[in-house]
Amino acid sequence: MSPTRVRFVDQTTKHNFLETNLHILGIGIEYPQYICTPRDLRRFAFRHYPKTPALQKILSINENTGIDVRSVACPMDHPLLNKPEAPSIEELSGFFLTEGVKLAVWACRKAIGEWGGDVSEITHMVATTCTNSANPGYDYHVARELGLSGRVERTLLHGVGCAGGLSVLRTAANLALTATYMGAPARILVVTCELASMMVRSELDLLTRDQELRVGVTLFSDGAAALVLSNGIGDTWNERPIYDLLAWDYHTLPETEKDIGFDVHSHGWKVNLTPRVPALAATAVPPLFNSLLPRVPSLNCGSAAPEPQDFDWALHPGGAKVITGVQKLLSLTPHHLRASYDIYKNHGNSSSAAVLSVLNRLREMDEGRDNVVACAFGPGVAVEMCIFRRHRQSSPRSMYSLNAEIKRQFC
């Protein structure tokens, strides 16, 4: 199926835009079984560290983040977290390549199950994580567990952090359009997985040593997300899209590389978040939104271009101030951002996996608006944004009935 050419004329320059004909056919989200409450972190911290002013301040912040519980890959009394010193990179990598890969595989199986296709039809795999650096990457192990062919083109993105959920989708979209140009089918498995909670000892070590507030330890959680992206060519399964991917864009803010970082450390990685992040994130959203609108012909058929309030928003839950900052700047209501608030409150910030989890949660909540904007922020500061159109005939709650079928098939 070839893309449909539609002409859109803006106020300054004439452009030809293509309807992308890209569809999300299945989404899978997998959180680990354990949770961490503010009380759990307090008890854990005082088990290992003295009651310094910095620690008491960060624990006070932890109780006021707006997060009720965070999803974590192991309980706080796990032996790996309770040794005399923080786990080494080697130990963290070993844990990730077992527990993280399991999470990612289950997310993928859910996405593939909802799609309804066969793994033999997967043409590409695009993955990311910022909490593992193994070579071959964790995507190799996920592909092997899923039984993907060795001819599947794998791409593993590094350095994109919390923006990674949309970074991998953008990369997959560009690969899908290349396949369309070649007249070839594309069924691209997009995968994210993060085990950020395992850095809790390293973060608390640095906080105790330097007496500097490190808010990352109050925000980050674990999880995996996957989706199947199609270019619409070669449908043999009567595929039913969940979302159409209409447009995407990316921007790196100048002179902000020190505001968001996730730097290598002898005991994992250390999170760097400056107080400027909420304002930087919020003010970056309107220009990117305005640049995307003209690229979607179907949104520019009326006399006036749509406003931010005409969309539902799947915003990366990077922190309460990030969400409320965007809400205020764009004159949105909490209902516009209901899925972001829900995931933030009940799971925390699972980095690259979070925005895809928000996108999935949005379709489970209520009928909502026809079009959705997703936005995420990462190191750089980098801003990723996508616009989607809902497919109303899809049944998101069918994922729950798929779980039993997936377990019967693979376990």
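List of remarks:
- Of everything in the range 115-129 that is of a type outside the set (Val, Ile, Thr) and buried (at least 24 other Cβ atoms within 10 Å of the Cβ), the residue that is farthest from Gly165 (Cα to Cα) is Trp115.
- Among the residues of the range 43-79, those that are outside any helix (DSSP H, G or I) and either of a type in the set (A, V, I, L, M) or not assigned by TED's automatic domain parsing to the domain that holds Leu213 (or both) comprise Ile67, Val69, Val72, Ala73, Met76.
- Note on the range 177-188: among residues that are in contact with a strand residue (DSSP E or B) (Cβ under 9 Å, 6 or more places away or on another chain) and not in a loop (DSSP other than H, G, I, E, B), the one that is nearest to Leu156 (Cα to Cα) is Ile188.
- Residues (in a loop (DSSP other than H, G, I, E, B), in contact with a strand residue (DSSP E or B) (Cβ under 6 Å, 6 or more places away or on another chain) and of a type outside the set (Gly, Ala, Ser)) located in the range 330-367: His336, Leu337
- Residue count for the range 236-260 under the criterion of being within 19 Å of Ile24 (Cβ to Cβ) and of a type in the set (Lys, Arg): the result is 1.
- Residue that is farthest from Met385 (Cα to Cα) [pool: residues in the range 228-277 that are of a type in the set (Ser, Thr, Tyr) and in a strand (DSSP E or B)]: Ser230
- Some residue of the range 35-42 being at pLDDT 95 or above, part of a loop (DSSP other than H, G, I, E, B) and surrounded by fewer than 18 Cβ atoms within 10 Å (Cβ to Cβ): yes
- The residues on offer are Arg170, Arg201, Arg151, and the sole one that is assigned to a helix (DSSP H, G or I) and over 18 Å from the mean Cα position of the chain (by Cα) is Arg201.
- Condition met for Val191 (at pLDDT 90 or above, in contact with a Phe, Trp or Tyr (Cβ under 7 Å, 6 or more places away or on another chain) and in a strand (DSSP E or B)): no
The values are calculated or read from the model by the stated rules, or taken from the named source; none is laboratory data. These numbers come from a predicted model, not from an experiment. All Cβ positions, glycine included, derive from the backbone under ideal geometry; neighbour counts span all protein chains shown.
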